[in-house]
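A.B. asks: The structure under discussion is supplied below as structure tokens; questions concerning it will follow.
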């Protein structure tokens, strides 16, 4: 991500959550704020980039209904199921954690996550910490104000570039209480970081989270990065995000994730690949397709 610009993938995933909420007859996730947090100017820029990648005939057909170009692109994108399911899974796990008495929620790389605006009833006692790059966070705060919303004092925005500052240091300059258990979410981020940076973040979660704290995070199977692989169906999405300056960099090997987590002080509770993610929620009658099999979501617990 360019330092002075908000994350474009954060904008896209926010729109995906909102579109799923509106278009799926049985949505897994209700996010009425996802598109309101993205300005009209940003939507126009996205539409222009989509049209620019089309051949002349396809572009001509698309321009007959220009208002639907962006929606159609996002609703048919292979990344959509994973974006929606990871949000639902994380909030299901957060709800269970809150019922067990966890009262701190830390969103690492929060992007345009709208939890602080939706605030389901189970979250009334939560103190929430949103951590993200200053460019993305500044834009989000401005959009919240433009929507006429104010947030309670239990919500804390902590601007940080985690490429240059570790999570422990970031939380140390906030109201975070390291002696109390917390729930951490880290969604859609690890694929954009080096293995070293990913392990450092996981180690920081274990270091600043009291015993029994939990973390939900996503990762991509490292096999996706092997030479001469088609990287399908992730291939097109990987190309697109690389073109906008947010290339995929690394993943984890699923058969090594238990050991990787143990080495940094975390115990794996559950690890679902794309197929298992879909199986978990298929009974809800959603029209979502399968997330790519190489996409994973994992739940881990601080075991120190």
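The values are calculated or read from the model by the stated rules, or taken from the named source; none is laboratory data. Nothing here was measured: the structure is a model prediction, and the numbers come from that model. In this analysis, Cβ positions are derived from the backbone assuming ideal geometry, glycine residues included, and neighbour counts consider all displayed protein chains.
A.B. asks: Within region 53-112, track down each residue that is outside any helix (DSSP H, G or I), surrounded by fewer than 21 Cβ atoms within 10 Å (Cβ to Cβ) and under 17 Å from the mean Cα position of the chain (by Cα).
C.D. replies: 77, 78
A.B. asks: Here's another thing I want to ask about it. Say we look at region 140-166 and pick out the residues that are farther than 24 Å from residue 181 by Cα, under 18 Å from the mean Cα position of the chain (by Cα) and at pLDDT 95 or above; which of these is surrounded by the most Cβ atoms within 10 Å (Cβ to Cβ)?
C.D. replies: Going through the qualifying residues, I end up with 140.
A.B. asks: What is the one condition in (1) outside the structural domain of residue 172 (by TED's automatic domain parsing); (2) in contact with a helix residue (DSSP H, G or I) (Cβ under 9 Å, 6 or more places away or on another chain) that residue 86 does not satisfy?
C.D. replies: Tallying (1) outside the structural domain of residue 172 (by TED's automatic domain parsing); (2) in contact with a helix residue (DSSP H, G or I) (Cβ under 9 Å, 6 or more places away or on another chain), residue 86 fails exactly one: (1).
A.B. asks: Then there is this: Would you say residue 214 is surrounded by fewer than 18 Cβ atoms within 10 Å (Cβ to Cβ) and at pLDDT 95 or above?
C.D. replies: On the way: surrounded by fewer than 18 Cβ atoms within 10 Å (Cβ to Cβ): no; at pLDDT 95 or above: yes.
For residue 214, the condition - surrounded by fewer than 18 Cβ atoms within 10 Å (Cβ to Cβ) and at pLDDT 95 or above - is not met.
A.B. asks: Looking at (1) out of contact with any helix residue (DSSP H, G or I) (no Cβ under 6 Å at 6 or more places or on another chain); (2) assigned by TED's automatic domain parsing to the domain that holds residue 298; (3) assigned to a helix (DSSP H, G or I); (4) crowded, with 20+ Cβ neighbours inside 10 Å, which is the only condition residue 14 fails?
C.D. replies: (2)
A.B. asks: Please tell me if residue 24 is under 21 Å from residue 156 (Cα atoms) and either modelled with pLDDT of 95 or more or outside the structural domain of residue 141 (by TED's automatic domain parsing) (or both).
C.D. replies: Numbers: under 21 Å from residue 156 (Cα atoms): no; either modelled with pLDDT of 95 or more or outside the structural domain of residue 141 (by TED's automatic domain parsing) (or both): yes.
The answer is no for residue 24.
A.B. asks: I need the full set of residues from region 179-197 which are more than 18 Å from residue 254 (Cβ to Cβ) and in a helix (DSSP H, G or I), in order please.
C.D. replies: Listed by number, the residues that qualify are 192, 196, 197.
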